Every structure is written in structure tokens, then in C-alpha cells.
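Heads up: the structure comes next, in C-alpha cells.
The values are calculated or read from the model by the stated rules, or taken from the named source; none is laboratory data. Everything numeric here is computed off the predicted structure, so don't read it as measured data. When we count neighbours, we look across all protein chains shown, and the Cβ atoms used for this are built from the backbone with ideal geometry, even at glycine. Ligands, DNA and RNA are excluded from the accessible area calculation, which covers all protein heavy atoms including side chains. Shrake-Rupley method; radii C 1.70, N 1.55, O 1.52, S 1.80 Å.
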Protein chains: 2
Amino acid sequence: MVENPIPEKEVYADNNATTPVDPRVKEAIQPFLEEKYGNPNSMHSRGREAREAVEEARAKIASLINGEKEEIVFTSCATEANNHALKGAAFSKKGKHIVTTKIEHDCVLNASNWLEEQGFDVTYLEPDKNGFVSPEQVEEAVRDDTILASVMLANNEIGTIEPIEEIGELLEKKDILFHTDAAQAVGKIPVDVKKLKVDMLTLNAHKMYGPKGIGGLWVKDNVKIDSLIHGGGQEKGRRSGTENVPYIVGFGKAAKIAESSLKSDRKKLNKISGKLMELIPEKVDNVVVNGPEDVDRRLPGNTNFSFHGVEGESLVLRLDSKGIKASTGSACASESLEASHVLKAIGLDESLAHSSLRMSFGRFNSIEDVEKIREVLPGEVEKLREISSM
Amino acid sequence: MVENPIPEKEVYADNNATTPVDPRVKEAIQPFLEEKYGNPNSMHSRGREAREAVEEARAKIASLINGEKEEIVFTSCATEANNHALKGAAFSKKGKHIVTTKIEHDCVLNASNWLEEQGFDVTYLEPDKNGFVSPEQVEEAVRDDTILASVMLANNEIGTIEPIEEIGELLEKKDILFHTDAAQAVGKIPVDVKKLKVDMLTLNAHKMYGPKGIGGLWVKDNVKIDSLIHGGGQEKGRRSGTENVPYIVGFGKAAKIAESSLKSDRKKLNKISGKLMELIPEKVDNVVVNGPEDVDRRLPGNTNFSFHGVEGESLVLRLDSKGIKASTGSACASESLEASHVLKAIGLDESLAHSSLRMSFGRFNSIEDVEKIREVLPGEVEKLREISSM
């Protein structure tokens, strides 16, 4: 049995924001914060020891996505990886048009906006009401000067799993680079870069029980893009900066664990989120379930509701005071108090988009957590509705 | 007494490549790899707890350099911070000329090279034989369209402390942005951003007993530059990506320790490096001491020698086998086997630049380490000279 890092009586339902570190990952990190202190670029034995650990971790991560070890570029986070993919492709200057979607993470959208300021053209595809974009939409959007398409594998708010394989097939024929942000998907659903026919794929440790501050970009062997961070030539010149050895080792461990427990984790998470998506509309009036209902096309453990007449932020704070940690949507944007761009893109009006609650589950949740939520949530929604009707 | 992370009988003389993590820093990191797992952007209590810890750390780091808390932007390393400073200033598009020096770290040089490819002009100042550039050189180099000058505070190979304050004074009058890479200096010598009259200053945790994978850019309150990594708007929109909470906390702790132990650390390190710079030329023939001799103008704990007729790499490996961890120069470039650009810039010929040995000391070294080096080094140099003369 693995120790549970979540304190007793706490229901952590914000795993899409960040997962707790798996205690086995923490164990793997420790020696590299202690006596294995070397810089992996140093020639001496402490350096070589660190280098070996980094390369072992790289192999484990590659294995999880069926890529090659040499194709993994470590970055500090998924945000950096996404910036690297988009700007790196753009600055390699083979064209000026990029295709992406309206429901990407802010880092893809804001990197795209920045590229527009630099003179690039970006097409933002409109998803359907469940968050899906279609291969046909991508096909219609691409032009002769399209250099890159970037479509996320699984949405971080509503859990939509996009048809990456089908999009990959058509882009491969057109010789257009294809990037997918798989930060939320890897470790939760099977991800096979060969099957998906992508050229670049973004990874993130802290959504799969590794630490916050390490991510990666898988870049297919024959794909050459510009670097985002230039310097001492680490990561074969693709990303410079002294490697974060402890976290890379932890990321490797997290990948290894994910590989072996993906099936059972997925089953459990589908059970938890499925149960909740069934229960809440039974217990609460005027609720909308956001995102696809089909369990095979939705991120395991992801739920997203809109409660008519309820401020999402107020609900999150009330649940928090009862020991349930949830969110209104993406954590990154939570400070801005703007309604979710994802919910607006799938057609929710401003008010309904403001009334959202995302509950996302992970390895350290249990089916009992659903019971606790069922006990607390309907009453809190009711109280907030009473207040707002006064 | 602080526990020494270096195993007994090991002489770690490569602190400029990376320092071991101070055990007190490791302690500070732990809870954030355990139950304090929140994303600082989350609204719930686990998020707020993480946010508070990040902001406390920010204040500690600002205090160490006499800056304001809000002026610290966390990055994943000094390399990213230097890229951010240079590219951020360049893309804010107020001119097209940049001034820097030939002895900067590779990340400043390679970011500058990349900017040249994008149409910017860069002037690389030539240092004198001890690695110094003069305010007069900077004054001569700047033009009407100069947007930025970037001069490092202390050189990572030969330890030269540049006259930043004097350069800052003249650039302030000309209204040109001034950046200094202080990655090697902060924590080792007093650094006061106000006194130095800089606009941006690069920080790095893993050169001051924090972990590898966290750094920062101090950006003066009124200075606006473009971002390098766009996304969810963390760090007030200046650097997006989920914050590396455990390491940020560790970096804060490292700054706090540095503030209180800077004076005693500095005294000890000057004693160690001073002793070695005196001893080696006594014990070994045909050796050149690289970098300034004046203890006040040289990074404490930094030594750099060139041994005529000796391959630096071979010497490093031989010392390693005797338990002494050293380097030929910058760790980042060690894989390339090219001679140090710093040593060539101060006038060493190719062969002498290839025969360098950098021994850099830190908090966990003692004066006894000098004794061990004295016992081992002269014999190893002699053996290598015998081999090469055969």
C-alpha cells in the first residue's frame, strides 16, 4: 500500500490543478537533494552519477508514451514546453500560419497571441458543445503557408479527449507539423506518440504525481525547431540550463508508476467521476454537466458542472471550509475572476460560465470521497441560491 | 553545526558548477513535497498556503539583494532569466543594439547570437587580461539605438568581479537598460541592486546551496520588458507556468541563510582560494594563475590555473579518481571539449586555454581541503607532463 499524502478528512478534488507528489516519487528525489549533488554536465564522478540518473529518467518517460529516449527534451513545465513548441516552430520560419483551438490552455493561446503580434497568422478553431474539434475543421483551416497545428489531447477543464489520431493522419499527408498539449492526459489515458501521429507532445510531471517545476517536450526525431532558451547547450542544444536533476529523477519515477498503474487508476477514476456525474443532477436542480458524457472520450476523474444562479468562486470557498478542495476551472486563471474561455467556447453564456465547479480526482481519492461531496455539495448550492435570490 | 552534505574524504571543488543543497534548505523543501501540495493559484486553503509560502520566499530573496519583493520574477534557472532579460528587452522593440562582453556565460552569448539572427546588432566587448571590462569601453560602445547592456557581475570561470556600479552610473544617465548576470555572485559577495544601479539582475539558487531548477530575474519596478514564457499569467504575467513551490521555498531559505552567513562564508572562501593560489605556483612549475589577484575584485573561493603541457580534461579525471572533484571551466560547456571562450578572451592561446583547471570552493569546504589538493595535484600534473612528453 502506498501512503496517502492527503491528510485524513480532506477531500482533494483539484487534481487537474496539481496532483500531490506520490510518496514513491518523493523518495526517489531525496538522494539528489543530498549526497548525489553533482551537475550532470560535470566530468567528475558526481557529475556522471547525475547524468546517468537523468538519462534513466528520460528513458522511463519515453517508454510511457512509446517515444525514443533521445526525443524527450526536459523543460521547467508544460507552459514552457508549449511555448517552446509553438515559438520554436514559428521561428524556424517555414511559413506564417498556425492552427489551434479556442479551448487550449492559456499558455497555447497566449503564446499564439504573442506570435500574432510578431506577424504570424493564427486560426482558432471553434469546438462543438462538448468541446470537440473535428479533423474536417482542421483540414479546412490549413493553408499552403501553415507550419503548425496545435490541438490539445485532453482539455483541462471539461475533460474532452480530442481526435488527435485522426487529425494527425491528415496533417501527416500535408507535411504540417502537429503538436499536442498532453499535459493533462499523460498518465491518465494511454498515450502513444506513434499511434497519435504527432510531431511534438507536451508533458507535465505535476499532473501525474510528480513535482511542480518539471515538464517536457517530446519532439520526433526528424523534427527540427528553434530553441526557446539558449545557452550552455544542454538537452543536445534544444533547451539550455542546468538540469533539474532531483525533479527529473522524480518525473522518471512518476512515469514508471504511471505505466504500471494506468489501467487501475483509470478504472477507479472513471468510477468516481461517473458516479458524481450521475449523482449531482439527481440531487441538485438546474445543473448543467459540462463536457462529453462518453466515458471513452472524457478524461478519467474529470467532472465539470454549472449551477444556475450560483457564483462558482463562492461555491469553491464554501466547499473549502467543509474540507473539499475544488476549483471553478483552470487554476492559472483563477486570480483573474474572468469566466472560463473554455466554457464560453462551448457555448455557455457569461452567467452560466461563471457558475462552474470543476472537481477533478486522482490516485489518492477513493469512492468514499463521492459520498462526502454528495453530503455537502447540494446544501451549499442551495444556500448560495437562497442568498442570491434575496 | 550544519550537517555537511559532502561525504567524508571527498573534496568537492566544483561549487561554481553547482553547490550541494544545504541541509536546512532541504528541510524547508520537504513539506511542500508532502502534505502542502497545493497549486498556489488555487482558491482553496491548500492553494492559499502555497501562495503564502511563495510570497514569503520572494521577500527573503528580495531582501538579500536590497530589492523589493514585487520585483522578483521566479524562473526555472539563471539561463532562463538571462534569456528573459535579453530577449524581453529586445522584443520590447525600442531599438536594435545591445552591448555585452566576450566573457559572459554561454546563455548570454547564445541568446545574443540568436538575437543577431533576428536582426539585432550586438557588440561584444573585449576584456583585459584579468577579465575586466571598463566603463569607458561600455561608454564607447553604446549608440543612439542601444536598448540594453548586459555585463556579468562575477565571472564563473576566472572569478573577475566587474565594475558594475560604475557602468550602471553611466548607463543610468543615458537611459539604457542595464542587466547583470549575478548568478555566481549572489550569496558570495554583497549584492545591492540599488547601489549597483542595474535594471535587471539574474539570480540562481543552485549556486548558493539551493536546488538546481529554480532561479529568478530581479526587474526594477518601473522597467517593462516582454515575456519569454506566455500563459496563465503567473508572476503578474511576467513568467507563466505553475510555480515550483518546493524549490521556491528552498530558494527563499537559501537566501535567508546567505544573508546571515555571507560575511563568514566569504572570509573562509577567500582564505581557501588565497591559500591555494599561493601554494600551487610554489609547488608546480609552469603554471599560470588566471583571473585577478586582488581579493576584493575576485569571487571568493574561485581559483583557475593553466598548467603548461597538461590537458585540462585529463587532469580533472585524474583528480576525480583521487576524490577531488574539479573542472576545466564552465560545466555547461564541458561536453563540447572546446577551449574556454573566457580564457581565450583574456588572451590565452589555444593550448594554454585547454590546460585549465578551475577549483571552486563553497560553504562545505574547509581549509583542510587545500592540504589534500596540495598533496595530490602537483604529482598528477607531473605524471601528465611525463606522458605528454613521451
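Provide the percentage of antiparallel DSSP beta bridges, counting only those with both residues in the protein assembly as shown; round to the nearest 5. Percent antiparallel among DSSP bridges in the protein assembly as shown is about 55. Using the Cβ-Cβ distance between A:Glu126 and B:Glu350 with R0 set to 56 Å, the FRET efficiency from 1/(1 + (r/R0)^6) comes to roughly 0.40.
By average Cβ neighbour count within 10 Å, what is the ranking of A:219-229, A:107-117 from highest down?
Details: A:219-229: 18.6, A:107-117: 21.0.
Per-residue mean Cβ counts within 10 Å order the peptides as A:107-117, A:219-229.
Per DSSP H run of at least 4 residues, take -39500 (n - 2.57); add these up for the protein assembly as shown, divide by its residues and hand me the 222 nm value, nearest 500 deg cm²/dmol. Write down the numbers at each step before the final one.
Working: 24 runs with 311 residues, N = 780.
Value at 222 nm, helices only: -12500 deg cm²/dmol.
Where a ≥ b ≥ c are the square roots of the eigenvalues of the C-alpha gyration tensor, would you call chain A rounded, which needs a/c under 1.5, or, failing that, prolate if a/b is larger than b/c, or oblate? Note, shape of chain A comes out oblate.
To the nearest 20 debye, what charge dipole does segment B:173-287 have about its Cα centre, counting +1 at the Cβ of each Lys and Arg and -1 at the Cβ of each Asp and Glu?
Values: 22 positive and 13 negative charges, 76 e Å.
Here the size comes out at about 360 debye.
Taking 0.36 nm per residue of separation and subtracting the current Cα-Cα distance, fully stretching the chain between A:Glu278 and A:Glu56 would add 75.6 nm. Among A:Arg374, A:Arg363, the sequence by solvent-accessible area, most first, with a 1.4 Å probe is A:Arg374, A:Arg363.
Positive-end ranking of A:Met208, A:Thr79, A:Phe32 along the dipole of segment A:23-256, with charges on Cβ about the Cα centre, is headed by A:Phe32. Element breakdown for segment B:96-169 at a 1.4 angstrom probe: carbon and sulfur atoms account for 42% of the accessible area.
Rounded to the nearest 0.05, what FRET efficiency is calculated for B:Ser260 and B:Glu34 with R0 set to 25 Å and r the Cβ-Cβ distance? Numbers along the way, then the final one.
Working: r = 27 Å, r/R0 = 1.07.
Approximately 0.40, to the nearest 0.05.
Express the carbon and sulfur contribution to the solvent-accessible surface of segment B:254-294 as a percent, rounded to the nearest whole number, probe 1.4 angstrom.
Working: 1010 of 2250 Å².
Roughly 45 percent of what the probe reaches on segment B:254-294 is carbon or sulfur.
Residue separation of A:Glu136 and A:Glu375 scaled by 0.36 nm, minus their Cα-Cα distance, works out to 81.6 nm of gained length. Against the longest principal axis of chain A, how steep is helix A:367-389, in degrees 0 to 90 to the nearest 10, with axes from Cα atoms? It works out to around 60 degrees. Of the residues A:Gly323, B:Asn156, A:Ile229, the one whose Cα sits farthest towards the positive end of the charge dipole of the protein assembly as shown is A:Gly323 (charges of +1 on Lys and Arg Cβ, -1 on Asp and Glu Cβ, taken about the Cα centre). Shielding by partners for peptide A:25-38, expressed as the average number of C-beta atoms from other protein chains within 10 Å of each residue's C-beta, is 5. Relative to the dominant Cα principal axis of chain B, helix B:245-283 is inclined by about 20°. Since only A:Ile280, A:Val295, A:Ala339 are under comparison, the one whose Cα sits farthest along the positive direction of the charge dipole of segment A:263-374, derived from C-beta charges on Lys, Arg, Asp and Glu, is A:Val295.
For segment A:236-344, which GluC sites (Glu not before Pro) are in a loop by DSSP, counting at most 13 other Cβ atoms within 10 Å?
Details: sites: A:Glu243, A:Glu259, A:Glu278, A:Glu282, A:Glu293, A:Glu311, A:Glu313, A:Glu335, A:Glu338; in loops: A:Glu243, A:Glu293, A:Glu311, A:Glu335, A:Glu338.
In loop regions of segment A:236-344 (DSSP not H, G, I, E or B), the sparsely surrounded GluC sites (Glu not before Pro) are A:Glu293, A:Glu338.
Grab the other residues whose beta carbon is less than 11 angstrom from that of A:Arg266, score K and R as +1, D and E as -1, and report the net. Mind dumping the intermediate values first?
Details: positive: A:Lys188, A:Lys263, A:Lys267, A:Lys268, A:Lys271, A:Arg363; negative: A:Asp265, A:Asp296.
Its environment carries a net charge of +4.
Among the residues of segment B:67-96, those with an accessible-area drop of 10 Å² or more from chain alone to full protein complex, heavy atoms and 1.4 Å probe, are B:Ser76, B:Cys77, B:Thr79, B:Glu80, B:Asn83, B:Lys87, B:Phe91, B:Lys93. Summarising the label geometry, the points placed 7 Å from Cα in the beta-carbon direction at B:Asp226 and B:Asp175 lie 2.2 nm from one another. Please give the FRET efficiency for A:Val295 paired with A:Lys94, using the beta carbon to beta carbon distance and R0 = 45 Å, rounded to the nearest 0.05. The formula returns an efficiency of 0.70 here.
Just to confirm a number: summing +1 for Lys and Arg and -1 for Asp and Glu over residues other than B:Val223 whose beta-carbon lies under 10 angstrom from that of B:Val223, what do you get?
On the way: positive: B:Lys220, B:Lys224; negative: B:Glu71, B:Asp199, B:Asp221.
Its environment carries a net charge of -1.
Which angle between 0 and 90 degrees, to the nearest 10, do you get for helix B:106-117 versus the longest principal axis of chain B when only C-alpha atoms count? Tilt of helix B:106-117: around 60 degrees. For the peptide A:220-231, the mean number of other protein chain Cβ atoms found within 10 angstrom of a residue's Cβ is 5.
Quick check for you: with a 1.4 Å probe and neighbouring chains kept, what is the accessible area per residue of the protein assembly as shown, in Å²? Write down the numbers at each step before the final one.
Values: 28120 Å² over 780 residues.
Each residue of the protein assembly as shown exposes 36 Å² on average to a 1.4 Å probe.
Would segment A:23-256 count as rounded, prolate or oblate if I go by the C-alpha gyration tensor, calling it rounded below 1.5 in a/c and otherwise prolate when a/b exceeds b/c, oblate otherwise? Prolate shape, in that a/c is at least 1.5 and a/b is the bigger ratio.
Between A:Glu3 and A:Leu317, the contour length at 0.36 nm per residue exceeds the Cα-Cα span by 110.3 nm.
A point 7 Å from Cα along Cα→Cβ stands in for B:Glu350, and the other copies hold the same point at 6.9 nm, listed in rising order.
Compute for chains A and B the buried accessible surface, both sides summed, probe 1.4 Å, and express it in Å² to the nearest 100.
Working: alone 16960 and 16960 Å², together 28120 Å².
Answer for the A-B pair: about 5800 Å² buried.
Ranked by the mean number of other Cβ atoms within 10 Å per residue, highest first, peptides A:295-304, B:232-241 order as A:295-304, B:232-241.
Roughly how many debye, to the nearest 20, is the charge dipole of the protein assembly as shown about its Cα centre, given +1 on each Lys and Arg Cβ, -1 on each Asp and Glu Cβ, and no other charges?
So the magnitude is around 1420 debye.
Roughly what % of DSSP beta bridges within segment A:23-256 run antiparallel, to the nearest 5?
Details: 10 of 25 bridges.
Rounded to the nearest five, the antiparallel share is 40 percent.
Peptide B:199-212 is shielded by partner chain Cβ atoms: per residue, an average of 2 of them sit within 10 Å of its Cβ.
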